[in-house]
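Trainee: Okay, here's the structure, questions in a sec.
The values are calculated or read from the model by the stated rules, or taken from the named source; none is laboratory data. Remember, predicted model here, so these are calculated numbers, not experimental data. Neighbour counts run over all protein chains shown; Cβ positions are idealised from the backbone, glycine included. Note: areas computed on protein heavy atoms with side chains; ligands, DNA, RNA excluded. Shrake-Rupley method; radii C 1.70, N 1.55, O 1.52, S 1.80 Å.
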Amino acid sequence: MDPREPLPLLEELVQIPSHESVHKIREYLTDVVDEAHVHPESGCVIASKGSENGGTNVLLNSHMDVVPPHMPYERDDDEIRGRGSCDAKGCLVSLISGFSRVMPKSGQVTLVISPDEETYSEGLYDYLALEGDRFDMAINGEPTGLDVCNAARGSLKYIVDFEGVAAHAGTSESGRSAVSCAAEAVRRLENMEQMEHDYLGTSNQTVSWIQGGPVGELTSQVPREVSMFINRWNVPPESPRDFKQTLEEMLADLACDVTVRYPYQPNRFLEAHQVNSDETVIQDMVDAVEGTTGSRPEVRPFIVAAESSFLSRYMPTAIFGPGLCADDEGPIAHSDREYVPVDEVDTAADIVTSFLENTV
């Protein structure tokens with residue numbers, strides 16, 4: 001497999017399931033990409049070209065994991081379909097191809113492929129904690145439709161535990177139903193006032209799952225314990241602690257005891273961020289798109305959260321890639337119609353190549 005050619009590589013990657021484990025795809029990537037190896041402290045696949053001594057040090061990042069379930073690969077003249085084709089294997093192969101085609105004249109380009117962007121993002125976080133200070137700029141591969149994105153909302157995660165009082169269902173008034181408390185919490189979350197940001201837009205939140213009670217049993221019991229997972233899409237200046245406090249205050253008067261907790265360390269959340277549009281990486285990517293396609297791309301916020309949040313803590317970062325998260329027909333990424341346009345994958349690889357040739 002020639003890593004300089006994005007479409008054959010994408011066809012291979014989409015057929016490798018990476019929704020439950022990244023072991024097979026990580027092994028494949030280390031075989032295909034020149035000088036690639038697994039970074040022992042983070043689990044990322046990394047490869048570098050050039051020298052850090054003088055010139056610009058560029059980081060290229062996307063992720064190898066996808067959301068479940070696995071979907072079979074399909075292709076026609078216009079589209080490659082299957083789980084991860086859009087988010088974000090199409091973006092990943094564009095970066096791999098650009099990396100593989102370029103030999104830096106000065107500076108260095110480093111490819112860093114994250115193992116767990118769709119879950120906890122620990123891999124890139126750990127890598128940057130050790131290596132992030134040495135880079136000057138980054139491209140984060142996500143589906144932007146070949147626009148150049150300089151900002152994104154954040155994704156903050158919370159678990160809310162409701163504890164009621166178990167009782168016989170025939171005397172439900174003697175207990176306190178944790179299911180009823182959770183249902184009221186959902187109603188309040190769906191009706192709460194949202195925050196507005198001039199550039200990033202409006203915050204919102206999704207209750208992704210609720211679990212609890214004696215599930216699957218024909219029981220005559222008032223359920224005592226229920227847990228709920230909340231994903232908050234936030235905008236500045238809201239912090240993880242701010243929304244945790246909002247939840248605690250909003251749910252304090254429920255009949256159940258309520259505990260709001262983080263599922264993992266809040267400093268690893270993908271918080272909202274924005275890079276100035278006049279940063280070199282943004283303008284140079286715009287020039288690379290225009291020089292390749294003949295059309296000047298839009299500079300805009302990315303529609304969802306991304307690991308660009310972590311990258312931007314260390315360096316100016318442009319979010320860029322083929323495909324879109326959603327179109328006029330509905331969702332694409334994370335949906336059962338996931339696809340990426342064939343021509344955009346090829347064009348994105350050419351754009352990344354042009355950017356790197358003019359940067360390193």
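Trainee: What is the spread of the Cα atoms of segment 232-360 along each of their three principal axes, largest first, in whole Å?
Mentor: 61, 35, 22
Trainee: For segment 36-47, what does the Karplus curve 6.51 cos²θ - 1.76 cosθ + 1.60, with θ = phi - 60°, yield as ³J(HN,Hα) per residue in whole Hz, taken in order and with x for Gly and Pro?
Mentor: These are the phi-based 3J(HN,Hα) values: 6, 8, 8, 5, x, 7, 10, x, 6, 8, 10, 8 Hz.
Trainee: Continuing with the same structure: How are the C-alpha pair distances of segment 180-299 spread across 5 Å bins, as whole percents from the shortest bin up?
Mentor: Reading the bins upward from 0: 2, 8, 15, 16, 14, 11, 9, 8, 6, 5, 3, 2, 1, 0.
Trainee: Within a Cβ distance under 14 Å of Thr56, other residues only, what is the Lys/Arg minus Asp/Glu net charge?
Mentor: Numbers: positive: Lys49, Lys105, Arg134; negative: Glu52, Asp136, Glu279, Asp284, Glu357.
Combined, the nearby Lys, Arg, Asp and Glu give -2.
Trainee: Computing the accessible area with a 1.4 Å probe over protein heavy atoms, can you report the carbon and sulfur percentage for segment 10-101?
Mentor: Values: 1580 of 3740 Å².
Carbon and sulfur together cover 42 percent of it.
Trainee: Rounded to whole Hz and in sequence order, give me ³J(HN,Hα) for segment 183-188 from the Karplus expression 6.51 cos²θ - 1.76 cosθ + 1.60, θ = phi - 60°, writing x for Gly and Pro.
Mentor: 5, 5, 4, 4, 4, 5
Trainee: Moving on. Loop-only check: which trypsin sites (Lys or Arg not before Pro) in segment 41-82 are DSSP coil with at most 15 other Cβ within 10 angstrom?
Mentor: Working: sites: Lys49, Arg75, Arg81; in loops: none.
Answer by residue number: there is no such site.
Trainee: Report the longest stretch of the chain that contains none of the GluC sites (Glu not before Pro) sitting in a DSSP loop with at most 14 other Cβ atoms within 10 Å. Write out the running numbers ahead of the final one.
Mentor: Values: sites that count: Glu20, Glu35, Glu41, Glu52, Glu193, Glu217, Glu298, Glu329.
The reported range is 53-192.
Trainee: Protein chains only, probe 1.4 Å: how do Arg153, Arg313 rank by accessible area, largest first? Don't skip to the answer; put the middle values down first.
Mentor: Numbers: Arg153 40, Arg313 110 Å².
Highest to lowest solvent-accessible surface, that is Arg313, Arg153.
Trainee: With just the Cα atoms defining each centre, how far is segment 120-138 from segment 277-342? Give it in Å.
Mentor: Result: 20 Å between the Cα centres.
Trainee: Still on this structure, please answer the following. Within the accessible area of segment 164-294, what % is carbon and sulfur when the probe is 1.4 Å and the other protein chains stay in place? Can you show the working numbers first?
Mentor: Values: 3230 of 7260 Å².
The computed percentage sits at 44.
Trainee: When averaged across all projection directions, what area in nm² does the alpha-carbon convex hull of segment 30-126 cover? Write down the numbers at each step before the final one.
Mentor: Details: hull surface 29.5 nm².
Its Cα hull, projected and averaged over all orientations, spans 7.4 nm².
Trainee: In deg cm²/dmol, rounded to 500, what helix-only [θ] at 222 nm does the chain give when every DSSP H run of at least 4 residues adds -39500 (n - 2.57) and the total is split over its residues?
Mentor: Details: 9 runs with 103 residues, N = 360.
Helix contribution divided over all residues of the chain: -9000 deg cm²/dmol.
Trainee: Hey, another quick one. Under 4.7 Å Cβ to Cβ, no partner at all: give me those cysteines from the chain, in residue order.
Mentor: Cysteines of the chain left without a disulfide-compatible partner: Cys44, Cys86, Cys91, Cys149, Cys325.
Trainee: Using amide H atoms built in the peptide plane, which far-off residues or other-chain residues are under 5 Å from Arg300 H to H?
Mentor: Val148, Cys149, Asn150
Trainee: With every protein chain left in place, what is the accessible area per residue of segment 104-158 in square angstrom, probe 1.4 Å? Mind showing how you got there, number by number?
Mentor: Values: 1460 Å² over 55 residues.
Per-residue value: 27 Å².
Trainee: Using the Karplus curve 6.51 cos²θ - 1.76 cosθ + 1.60 with θ = phi - 60°, what ³J(HN,Hα) values do you get for each residue of segment 243-260, in whole Hz, with x for Gly and Pro?
Mentor: With the stated coefficients, segment 243-260 comes to 6, 4, 5, 4, 4, 4, 6, 5, 9, 5, 9, 5, 5, 8, 6, 10, 10, 9 Hz.
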